[in-house]
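As structure tokens, the structure follows; a few thoughts come after it.
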Amino acid sequence: MNNLDSIFSQLPFAEVVNKDNIVAVTVPKDKIYETLNLLKNNNFDYLRDIVGMDYTNSLGVIYNLSSTQKPEYLLLVKTSIEDRENPYFDSVIDLWDSAMLYEREVHDFFGITFKNNPDMRRLFLRQDWKGYPLRKDYDDNPNINPVPLENEDLDDMEQLPQIEVNQDKSFEEQHSVFQKEEYVVNFGPQHPATHGVLHLRVSLDGEIIKKIDPNFGYIHRGIEKMSECYTYPQILHLTDRLDYLSGAINRHAVCLAVEKGLELEVPQRAHHIRTIIDELTRVASHLLGWGCMCMDMGAITAFVYGMRDREKIMDIFEETCGGRLMANYSVIGGVMADIHPNFQKKVKEFIPYMRKMLKEHHILFTGNPIARGRMDGIGHLSREQAISIGATGPVGRASGWSNDTRKIQPYAAYDKVNFTEMLRKDGMTFDRYVIRLDEIEESLKIIEQLVDNIPEGDFTAKTKAVIKLPEGEYFQRVENARGEFCVYIDSRGDKYPYRVKFRSPSLTLVNVLKHITPGTKVADLIMLGGSLDYVIPCIDR
Amino acid sequence: MEVGKIKIKNMKNEDFKDNEYLEKYVEELRANGVNIVVAKLNDLINWGRSNSVWPLTFGTSCCAIEFMSLGAARYDFARFGWEVTRNSPRQADVIFCCGTIVHKMAPVLKRLYDQMAEPKYVMAFGACTISGGPFKKSYHTVMGIDKIIPVDIYIPGCPPRPDAMIYGMMQLARKIKIQEFFKLPKEPDIVEMNENQIIEEKGGENE
Ligand code: SF4
């Protein structure tokens, strides 16, 4: 970007490295707020992620930024601190809404405090957890953190810790998320309509929601830490289990990142097959999302119909990949096995079937006055809010934010197909509902264009038995069914990664809930959650 | 009066493998003998119980999607009378534990189990619930739910196919079929495992 140089000329302390559209900027720790503020005012308005790092002798954070106007550019702003006892950085919660959860996550895993962020509770682990698991010197002896037998105290969950870092600004006095006189209702973690084990604490005024405080970690499996002691082919299997509804797509991201590092030439055939599998996964995921949202509104029929259509895709997967839900199909260099002889035939049968069924779904539910009565006019999310929260995927696009990675930075075979990025303007619940059905149609178009043109040749490239990634940082983003899924790999030239970070699109979607629910009825909470279609294990990782 | 054969309507006895455990159980029962009236009543009650098992919807992660497939039209567990999924543990007979259980969730699972009325059963669905599965090396996963609550049926797989789940359900139906209803515990049998025990088991595993 031309104006990047002019921005950096205002930051004399910054060290800039520019490598294939990824700009890495290193700044001293007390200049971080200044840098980010300047970048934010210069169109870098989308904070994709905050990655915590442990460089053994120092701790650091990496802010991953993009501009919504030039989304193909990626900016990594890095800083570090040597103090391991009491590390802290300036908080950026006033610049981006998404920063709140990201900073809490970094705090949880690395023990880094963010000055001026009033909410420094742990995000995933229990408040009484000892140690910071993603630090390299973390002791994972089970005696230190045994399986707890008592539920966490709700007061503990709500207490905002008072953190002593030589504050220069003092933030507002607030000790608890909710006031004493507030009427707070627990929702989850075991509740059939939370779409997993999400725990929401909802403050009510009669029937009206005043405030909502999500509580995560009931399915935190520690995938990022585990990845550090697994080889790359092993890590692939964990990615499927992150967001299991778009498992194949997540796996694709890691494959692409590693292939980029190895400079591996992946055969075109593999690219085509992967793209088709990805799109089939997206259709399956949207069908389930649609079914579940309708079920949240009381329409069980829609759920059964959605699952019925999804089974057709599961059949295709089973023949070709061997697994139903977990396709486990992409490997580094290509795909695990060639497609089944029936694959093309079955996919071609599926497309007209799905088109017909889409029409039926619209007749059955979209136009239904009861459904419209529930969906119309609530849950408004504006484009600015969506960007600030970082709500990518169908949710962001329903608010008019064009953020489809398949268009911005085409990977695999996406540059060879014609499709439209579905955009809507209003950002209401109904838009989020309809956009999923529209995206199914677009996915079908993509599949249609590819299925007859799968090039001949190998389905996988030859790789070494032991895959060692050259030293460096690798970054790959893909569009999964919920939004932008990113993988960041820091390799030290070993067969194990030094650090792996997954950006979960669902985490930001739960944050959306905080913004769209206040003022709505409690009965709509479930349906609004359904319209966001988050997957909890992806949040918790 | 002898205890009858283990037979359920839905699947032939020969189709089951590894019956050792159930056979032993039957032998034990036979050795003791039962009153004829009680035995007849047992048969009747167990016939009813084994055909209307109400599961608690308890899905934490990926395996829960396969559980949903099981509930939908294709695999349809309503055929076996299992479809009345309850959202409250107080009305459920069996927990289908679908998905990884982690440290933060463990007390929740235990509380749900304690809240269920006797007789109650637990099915561990998927590799995660059996042993930690793919997350064996994690610092936050419980290495098998049998560390927290007793388990009746283990269904391996990651995720297991819905068919495998049906097989597991049938196994549980057989188990229910031969139980002596009047001798089952009436009071909730709260499992007390102290902290040290759990630490020992967990520590032993990591070595
Ligand atoms: S067994 Fe596999 S599919 Fe099931 S919850 Fe565990 S990781 Fe997910």
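The values are calculated or read from the model by the stated rules, or taken from the named source; none is laboratory data. Note that the structure is a prediction, hence the values are computed from the model and not measured. Quick reminder, even Gly has a Cβ in these numbers, built from the backbone with ideal geometry, and neighbours come from all protein chains shown.
Answer yes or no: is there a residue in the stretch A:319-334 that is of a type in the set (Phe, Trp, Tyr), in the same structural domain as residue A:452 (by TED's automatic domain parsing) and either out of contact with any Pro (no Cβ under 7 Å at 6 or more places or on another chain) or surrounded by 22 or more Cβ atoms within 10 Å (Cβ to Cβ) (or both).
Looking only at the stretch A:319-334, we keep the residues that are of a type in the set (Phe, Trp, Tyr), and these are A:329.
Pick out the ones that are also in the same structural domain as residue A:452 (by TED's automatic domain parsing) and you get A:329.
From what's left, either out of contact with any Pro (no Cβ under 7 Å at 6 or more places or on another chain) or surrounded by 22 or more Cβ atoms within 10 Å (Cβ to Cβ) (or both): A:329.
So far as the stretch A:319-334 goes, yes, one or more of its residues are of a type in the set (Phe, Trp, Tyr), in the same structural domain as residue A:452 (by TED's automatic domain parsing) and either out of contact with any Pro (no Cβ under 7 Å at 6 or more places or on another chain) or surrounded by 22 or more Cβ atoms within 10 Å (Cβ to Cβ) (or both).
What number of residues within the stretch A:383-416 are among the basic types (Lys, Arg) and crowded, with 24+ Cβ neighbours inside 10 Å?
Filtering the stretch A:383-416 for residues among the basic types (Lys, Arg) gives A:383, A:397, A:406-407, A:416.
The next check asks that each one be crowded, with 24+ Cβ neighbours inside 10 Å; those that pass are A:397.
Selection size over the stretch A:383-416: 1.
Considering only residues that are touching a Lys or Arg at 6+ places or on another chain (Cβ under 9 Å), more than 11 Å from chain A (Cβ to nearest Cβ) and of a type in the set (A, V, I, L, M), which ones fall in the stretch B:76-117?
B:92, B:94, B:116, B:117
Taking residue B:90 and the conditions (1) crowded, with 23+ Cβ neighbours inside 10 Å; (2) more than 23 Å from residue A:537 (Cβ to Cβ), which numbered condition does it fall short on, given that it satisfies the others?
Residue B:90 satisfies every listed condition except (1).
Could you tell me which of the residues B:138, B:131 is among the small types (Gly, Ala, Ser) and facing chain A (nearest Cβ under 7 Å)? Please lay out each step first, then the result.
On the way: B:131 fails: facing chain A (nearest Cβ under 7 Å).
Just a single option satisfies the conditions, and that option is B:138.
Which of the residues that make up the stretch B:104-125 are within 27 Å of residue A:123 (Cα to Cα) and within 13 Å of the ligand (Cβ to nearest atom)? Spell out the reasoning first.
The initial filter retains those residues of the stretch B:104-125 that are within 27 Å of residue A:123 (Cα to Cα), namely B:104-113.
Answer for the stretch B:104-125, where residues must be within 27 Å of residue A:123 (Cα to Cα) and within 13 Å of the ligand (Cβ to nearest atom): just B:105.
If residue A:129 satisfies every condition in (1) of a type in the set (Phe, Trp, Tyr); (2) under 28 Å from residue A:388 (Cα atoms); (3) within 11 Å of chain B (Cβ to nearest Cβ) but one, which is the exception?
For residue A:129, the failing item is (2).
If a residue counts only when it is charged (D, E, K, R) and more than 10 Å from chain B (Cβ to nearest Cβ), which helices (runs of 4 or more DSSP H) contained entirely in the stretch A:200-315 have at least 2 such residues?
Per the criteria, A:247-262, A:268-296.
Looking at the stretch A:434-473 only, could you name the residues that are over 28 Å from residue A:346 (Cα atoms) and in contact with a Ser or Thr (Cβ under 8 Å, 6 or more places away or on another chain)? Let's see the steps before the verdict.
Of the stretch A:434-473, the ones over 28 Å from residue A:346 (Cα atoms) are A:462-473.
Across the stretch A:434-473, the qualifying residues are A:466, A:467, A:469, A:470, A:471, A:472, A:473.
Run down A:379, A:323, A:390 and say which single residue is within 24 Å of the chain's Cα centre (by Cα) and within 16 Å of the ligand (Cβ to nearest atom).
Result of the check over A:379, A:323, A:390: A:323.
Within the group B:53, B:38, which residue is out of contact with any Lys or Arg (no Cβ under 8 Å at 6 or more places or on another chain), more than 9 Å from every other protein chain (Cβ to nearest Cβ), away from the ligand (no atom under 16 Å from the Cβ) and assigned to a helix (DSSP H, G or I)?
Working: B:53 fails: assigned to a helix (DSSP H, G or I).
Just one listed residue meets the conditions, B:38.
Is it the case that residue A:380 is in contact with a helix residue (DSSP H, G or I) (Cβ under 9 Å, 6 or more places away or on another chain), surrounded by fewer than 17 Cβ atoms within 10 Å (Cβ to Cβ) and assigned by TED's automatic domain parsing to the domain that holds residue A:521?
Yes; evaluated as a whole, the condition is true for this residue.
Please go through the stretch A:1-33 and give me each residue that is under 21 Å from residue A:90 (Cα atoms) and part of a helix (DSSP H, G or I), ordered by number.
Scanning the stretch A:1-33 gives A:7, A:8, A:29, A:30, A:31, A:32, A:33.
Based on this model, can you work out whether residue B:73 counts as within 7 Å of chain A (Cβ to nearest Cβ), over 15 Å from the mean Cα position of the chain (by Cα) and either outside any helix (DSSP H, G or I) or closer than 20 Å to residue B:170 by Cβ (or both)? Please lay out each step first, then the result.
Numbers: within 7 Å of chain A (Cβ to nearest Cβ): yes; over 15 Å from the mean Cα position of the chain (by Cα): yes; either outside any helix (DSSP H, G or I) or closer than 20 Å to residue B:170 by Cβ (or both): yes.
Taking the combined requirement at face value, the residue satisfies it.
So how many residues does the stretch B:135-158 have that are within 12 Å of the ligand (Cβ to nearest atom) and over 20 Å from residue B:109 (Cα atoms)?
Of the residues in the stretch B:135-158, 2 are within 12 Å of the ligand (Cβ to nearest atom) and over 20 Å from residue B:109 (Cα atoms).
Do you know which residues across the stretch A:231-259 are more than 16 Å from the ligand (Cβ to nearest atom) and either among the hydrophobic types (A, V, I, L, M, F, W, C) or modelled with pLDDT under 85 (or both)?
Those that are more than 16 Å from the ligand (Cβ to nearest atom) and either among the hydrophobic types (A, V, I, L, M, F, W, C) or modelled with pLDDT under 85 (or both): A:249, A:253, A:254, A:255, A:256, A:257, A:258.
Please indicate, with yes or no, whether at least one residue in the stretch B:80-100 is away from the ligand (no atom under 13 Å from the Cβ), part of a loop (DSSP other than H, G, I, E, B) and more than 24 Å from residue B:162 (Cα to Cα). Talk me through it step by step, then tell me what you get.
Going residue by residue through the stretch B:80-100, those that are away from the ligand (no atom under 13 Å from the Cβ) are B:80-95.
Now narrow it down to the ones that are part of a loop (DSSP other than H, G, I, E, B): B:81-85, B:87-88, B:92-93.
Filter once more, keeping what is more than 24 Å from residue B:162 (Cα to Cα): none.
Checked the stretch B:80-100: no residue is away from the ligand (no atom under 13 Å from the Cβ), part of a loop (DSSP other than H, G, I, E, B) and more than 24 Å from residue B:162 (Cα to Cα).
Going through the stretch A:531-541 one residue at a time, which ones are within 14 Å of chain B (Cβ to nearest Cβ), more than 13 Å from the ligand (Cβ to nearest atom) and not hydrophobic (A, V, I, L, M, F, W, C)?
Those that are within 14 Å of chain B (Cβ to nearest Cβ), more than 13 Å from the ligand (Cβ to nearest atom) and not hydrophobic (A, V, I, L, M, F, W, C): A:533, A:534.
Hey, could you check the stretch A:274-295 for residues that are among the polar types (S, T, N, Q) and within 18 Å of the chain's Cα centre (by Cα) and say which is surrounded by the fewest Cβ atoms within 10 Å (Cβ to Cβ)?
Of everything passing the filter in the stretch A:274-295, A:281 is surrounded by the fewest Cβ atoms within 10 Å (Cβ to Cβ).
Considering each residue of the stretch A:34-92, count those that are of a type in the set (D, E, K, R), closer than 24 Å to residue A:135 by Cβ and outside any strand (DSSP E or B), and give that number.
Here the count works out to 4.
Which condition breaks for residue B:168 when tested against (1) closer than 23 Å to residue A:541 by Cα; (2) within 15 Å of the ligand (Cβ to nearest atom)?
The number of the failed condition is (1).
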